[in-house]
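The values are calculated or read from the model by the stated rules, or taken from the named source; none is laboratory data. Quantities reported herein were computed from a predicted structural model and do not represent experimental measurements. Here the Cβ positions follow ideal geometry from the backbone for every residue, glycine too, while neighbour counts run over all protein chains shown. These area figures cover heavy atoms from the full protein model, side chains too; ligands, DNA and RNA do not enter into them. Shrake-Rupley method; radii C 1.70, N 1.55, O 1.52, S 1.80 Å.
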Amino acid sequence: MFKKLIDFYRNRYYIKPVDLADYAETNRLHLIFISPFLFLFGIIDLLVFLFLYRYELSKHFITFFYYGTITILSLYMYIHSVLVKNVAREKAYRLKTIPFYVGFVVCIVSGIMGVYDQQPFNGLITCALTDIIALCIFSFSPLFFLGSHIITVCLIGAYVFDAFWLTGLLNVILTAFLMFCLSLYKRRTEKKIIMLLRKQKQSLEAKTFGNFTLLYNNSVIKFSRTKSEELMAYMIYKNGSSAKTKELISVLYGKGADSSRYGASLRNLIVDIKHTLAELEIQNFFVTEYNNFRINPEVVKCDYYDFLEGDKTAIKSFAGEFMSQYEWADETSEFLKQKLIKK
């Protein structure tokens, strides 16, 4: 029975970490966006609290601990997320999602401490908000979600019963169960999307050895603007890592290019790319989030990616040229030559 349950879970909900690399990048960008707001919330409340209760800290230790933890946590989330920007796809999900798991646990613990500090309503609100934010914008393991909820209910059950009687306790248990069901639904949706994108990968191909060419159903994808193809080539070269506006302007228009002058041009290229891909019904390939741009390597066949993974066919097909029409690709061409010599 237990083995059947495990097999059922793996078939419907389990996703290999390497297949979650793109979701991990989204997690990282969300953390970078959220952490400054958390820091401002924590530091402002901490300073106000220290000013008001500077002579009675021992009486309000839980509150002091809460604001201090949020402040430190937000710094950790931001610094860690910046440092793990460029990591191997095999390690991406684990490294880029660690700050989320740490932050989730800390916020849940803060809610539990609020319940223990005779503030059950505030503590439950903290736990509920943590769940909602996690479900809305992060990708994570439902089993982690389930484990955290079981532990939380066990720790606060008696206090909730004292404060809200049996109906309150049942509401907490029911809410935790519904949240877990939603996490399963979210993971199932992610798995379906990944499976659909694998089918798309059979039709979408990027050829980087020699001149760069992007193909769909064996036909060259033609963009309205010349620079659009170069932008896509650079995104393919980045292999799933995000690039900001300034970086793209520097690559496309020169290192001394003025962002304010060429910003509109870059936006036009992005609109052109999105429009062209949408017309071809190519999904989840070119991703834009918080002024960060990237492609999802899991949905495109690419000789460059196959070479890096040690594919013998891709290695044989490399003749010493990599996206030869672009100057910024020369360094990578030399890198691939050196790898070829070592092999």
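Scan the stretch 94-117 for residues that are open to solvent by 30 Å² or more (accessible area, probe 1.4 Å), in a helix (DSSP H, G or I) and farther than 18 Å from Ile150 by Cα and jot them down.
Residues satisfying the conditions are Arg94, Leu95, Ile98.
Just for the stretch 20-45: of the residues that are out of contact with any strand residue (DSSP E or B) (no Cβ under 7 Å at 6 or more places or on another chain), modelled with pLDDT of 90 or more and among the charged types (D, E, K, R), which one is least open to solvent (accessible area, probe 1.4 Å)?
Only one residue tops the list, namely Arg28.
Please state which one of Thr226, Thr208 is of a type in the set (Ser, Thr, Tyr) and in contact (Cβ under 8 Å) with a residue 60 or more places away in the chain.
On the way: Thr226 fails: in contact (Cβ under 8 Å) with a residue 60 or more places away in the chain.
Testing whether each residue is of a type in the set (Ser, Thr, Tyr) and in contact (Cβ under 8 Å) with a residue 60 or more places away in the chain leaves just Thr208.
Give me a count of the residues in the stretch 307-343 that are within 25 Å of the chain's Cα centre (by Cα) and either part of a loop (DSSP other than H, G, I, E, B) or more than 18 Å from Ala88 (Cβ to Cβ) (or both).
Going through the stretch 307-343 one residue at a time, the tally reaches 1.
Just to be sure, is Gly147 in contact (Cβ under 8 Å) with a residue 12 or more places away in the chain, open to solvent by less than 60 Å² (accessible area, probe 1.4 Å) and either more than 18 Å from Leu178 (Cβ to Cβ) or part of a helix (DSSP H, G or I) (or both)? Spell out how you get there, then give the answer.
Working: in contact (Cβ under 8 Å) with a residue 12 or more places away in the chain: no; open to solvent by less than 60 Å² (accessible area, probe 1.4 Å): yes; either more than 18 Å from Leu178 (Cβ to Cβ) or part of a helix (DSSP H, G or I) (or both): yes.
So Gly147 fails the test.
Limited to the stretch 256-294, what total is found for residues that are charged (D, E, K, R) and surrounded by 17 or more Cβ atoms within 10 Å (Cβ to Cβ)?
2
Here is a yes/no grid of residues against (1) of a type in the set (Phe, Trp, Tyr); (2) within 25 Å of Tyr304 (Cα to Cα); (3) in contact with a strand residue (DSSP E or B) (Cβ under 8 Å, 6 or more places away or on another chain); (4) in a helix (DSSP H, G or I):
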| position | (1), (2), (3), (4) |
| --- | --- |
| Met235 | no, yes, yes, yes |
| Ala257 | no, no, no, no |
| Ser260 | no, no, no, yes |
| Ala264 | no, no, no, yes |
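Answer yes or no as to whether Phe49 is open to solvent by 80 Å² or more (accessible area, probe 1.4 Å) and over 28 Å from Val287 (Cα atoms).
Numbers: open to solvent by 80 Å² or more (accessible area, probe 1.4 Å): no; over 28 Å from Val287 (Cα atoms): yes.
When the stated conditions are applied, Phe49 does not pass them.
Does Ile193 fit the bill of being open to solvent by 60 Å² or more (accessible area, probe 1.4 Å) and assigned to a helix (DSSP H, G or I)?
Spelling it out, it is not the case that Ile193 is open to solvent by 60 Å² or more (accessible area, probe 1.4 Å) and assigned to a helix (DSSP H, G or I).
Taking interchain pairs and intrachain pairs at least six residues apart, which have beta carbon atoms under 8 angstrom, with the first residue in the stretch 79-104 and closer than 16 Å to Ile137 by Cα and the second β-branched (Val, Ile, Thr)?
Once the first residue is closer than 16 Å to Ile137 by Cα and sits in the stretch 79-104, its partners that are β-branched (Val, Ile, Thr) give Ser81/Ile32; Tyr93/Val18; Lys96/Val84; Lys96/Val87; Phe104/Thr130.
What's the total number of residues in the stretch 56-72 that are open to solvent by 70 Å² or more (accessible area, probe 1.4 Å) and either closer than 15 Å to Thr126 by Cβ or of a type in the set (Lys, Arg) (or both)?
Qualifying residue count for the region: 2.
Quick one: which of Lys222, Lys238, Lys227 is within 30 Å of Asn268 (Cα to Cα), basic (Lys, Arg), open to solvent by less than 50 Å² (accessible area, probe 1.4 Å) and modelled with pLDDT of 90 or more?
Details: Lys222 fails: open to solvent by less than 50 Å² (accessible area, probe 1.4 Å); Lys227 fails: open to solvent by less than 50 Å² (accessible area, probe 1.4 Å).
Answer to the check: Lys238.
Would you confirm whether or not the stretch 295-306 contains a residue that is open to solvent by 50 Å² or more (accessible area, probe 1.4 Å), out of contact with any Asp or Glu (no Cβ under 9 Å at 6 or more places or on another chain) and either part of a helix (DSSP H, G or I) or among the aromatic types (Phe, Trp, Tyr) (or both)?
Yes - at least one qualifying residue is present in the stretch 295-306.
Could you please let me know if Lys199 is open to solvent by 50 Å² or more (accessible area, probe 1.4 Å), more than 25 Å from the chain's Cα centre (by Cα) and over 26 Å from Cys136 (Cα atoms)? Break it down stepwise before answering.
Working: open to solvent by 50 Å² or more (accessible area, probe 1.4 Å): yes; more than 25 Å from the chain's Cα centre (by Cα): no; over 26 Å from Cys136 (Cα atoms): yes.
When the stated conditions are applied, Lys199 does not pass them.
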